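Quick notes on the structure that follows.
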Amino acid sequence: MLRRALFVVLLFAGGVAWGETVAVIGTGNVGMALGTEFAGLGHTVIYGSRTPAAEKTQALVAKTKDASAAHPAEAAAAADVVVLATPGMVTESVVRGLGDLSGKIIIDVTNPLIFEGNPPVVTYGTDRSLGEIVQESHPEALVVKAFNTIGWQVMIDPPTPAPVIPLAGDNAAAKEKVAGWAREMGIESVDVGGIYHARATEHLIVMMLNNAFTGPGGFELEFRNLD
């Protein structure tokens with residue numbers, strides 16, 4: 001009996017046996033990818049949208065196992081975990097309107113990108129990282145910068161060997177939970193330290209996009225676990 005009880009406790013702690021409620025704020029490609037993937041892991045997904053009854057939003061709900069849609073603040077209030085999948089330059093205003101998120105894990109997937117010209121030149125749109133801005137907006141929440149260095153297609157169909165994403169955040173337990181969810185998706189991760197280091201991961205995206213649009217030659221950047 002003790003062994004069985006311990007087994008149940010361990011499953012609960014890892015978020016495997018008991019699904020959690022996840023608010024995915026944003027219904028674009030990234031929101032779709034993470035929403036459908038997290039639902040596939042057994043979690044209940046609520047999409048946060050300005051237009052939850054719109055045909056596009058409802059089509060995404062229908063595509064996602066055990067999902068619904070609500071306005072962003074309503075979705076966040078009902079969730080254990082909040083995923084920010086909004087366009088980067090509106091993230092600050094969106095996150096400030098989500099209400100009290102104390103004690104909740106916030107997975108920040110956003111990048112503050114400004115595109116100008118044709119072909120576009122990409123610049124960094126804030127004086128510090130969006131991860132830090134999100135943490136400052138909700139100081140009692142557990143913010144983890146994650147998934148912002150890979151495309152939505154990779155989230156759905158990760159290649160072999162598994163890609164490695166950086167995790168930045170000030171709470172080790174929150175990062176471990178996000179790492180576990182990523183692993184279940186077929187994606188590995190590396191802990192790069194506190195939320196301050198979110199700015200490094202966001203700047204990497206600026207460099208990679210500028211290389212893709214106007215750079216002198218192709219290159220790829222990737223993280224690797226060395227242990």
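Assorted remarks:
- Compared with the direct C-alpha span, the chain from Asn211 to Thr21 gains 64.6 nm at full extension, assuming 0.36 nm per residue.
- Among Val192, Leu98, Pro161 - extreme Cα towards positive end, dipole of the stretch 97-211, charges at beta-carbon: Pro161
- Of all DSSP beta bridges in the chain, antiparallel share, percent nearest 5: 15
- Gained length - Ile156 relative to Arg50, 0.36 nm times residue gap less alpha-carbon distance: 35.7 nm
- For the stretch 28-39, 3J(HN,Hα) per residue [Karplus equation, 6.51 cos²θ - 1.76 cosθ + 1.60, θ = phi - 60°, Hz, x = Gly/Pro]: x, 4, 5, x, 4, 4, 6, x, 5, 5, 5, 4
- Along the stretch 133-147 the Karplus relation, 6.51 cos²θ - 1.76 cosθ + 1.60 evaluated at θ = phi - 60°, assigns HN-Hα couplings of 4, 4, 5, 5, 5, 9, x, 9, 8, 10, 8, 10, 7, 7, 6 Hz to successive residues, with x for each Gly and Pro.
- Where only DSSP H runs of four or more residues are counted, the chain gives -11500 deg cm²/dmol as its mean residue ellipticity at 222 nm, each run worth -39500 (n - 2.57).
- Taking amide H atoms as placed 1.01 Å from N in the peptide plane, the amide H of Ser189 lies under 5 Å from those of Ile165, each 5 or more residues away in sequence or on another chain.
- Start at zero, step by 5 Å, and the Cα-Cα distances of the stretch 45-159 spread as 2, 11, 18, 21, 20, 16, 9, 3, 0 percent across the bins.
- Filter on Lys56/Lys175; Lys104/Lys177; Lys104/Lys175 - keep pairs with C-alpha separation over 20 Å: Lys56/Lys175
- Of Ala146, Val134, Tyr124, farthest towards positive along the dipole that unit charges on Lys, Arg, Asp, Glu beta carbons give the stretch 97-148: Ala146
- Between amide H atoms placed 1.01 Å from N, distances below 5 Å from Ile106 occur with Val82, Leu142, Val143, Val144, all of them 5 or more places distant or on a separate chain.
- At an R0 of 25 angstrom, the distance between the Cβ atoms of Glu184 and Phe115 translates into a FRET efficiency of 0.15.
- Dimensionless Rg ratio for the chain, taking C-alpha atoms and the 2.2 N^0.38 Å reference: 1.01
- Residue-span extension gain [Asp227 to Ala78] - 0.36 nm each, minus C-alpha spacing: 49.8 nm
- For Leu113, distant residues with modelled amide H under 5 Å away: Gly88, Met89, Gly125
- Heavy-atom accessible surface of the chain: percent carbon and sulfur, 1.4 Å: 58
- Karplus-derived 3J(HN,Hα), 6.51/-1.76/1.60, for each residue of the stretch 158-163, Hz, glycine and proline x: x, x, 10, x, 4, x
- Those GluC sites (Glu not before Pro) in the stretch 112-212 that DSSP places in a loop and that have at most 12 other beta carbons within 10 Å: Glu140
The values are calculated or read from the model by the stated rules, or taken from the named source; none is laboratory data. Worth saying up front: this structure is predicted, and the values here are computed from it rather than measured. Cβ sites come from the backbone with ideal geometry, for glycine too, and all protein chains shown count toward neighbours. Heads up: the accessible areas ignore ligands, DNA and RNA and are worked out on the full protein's heavy atoms, side chains in. Shrake-Rupley method; radii C 1.70, N 1.55, O 1.52, S 1.80 Å.
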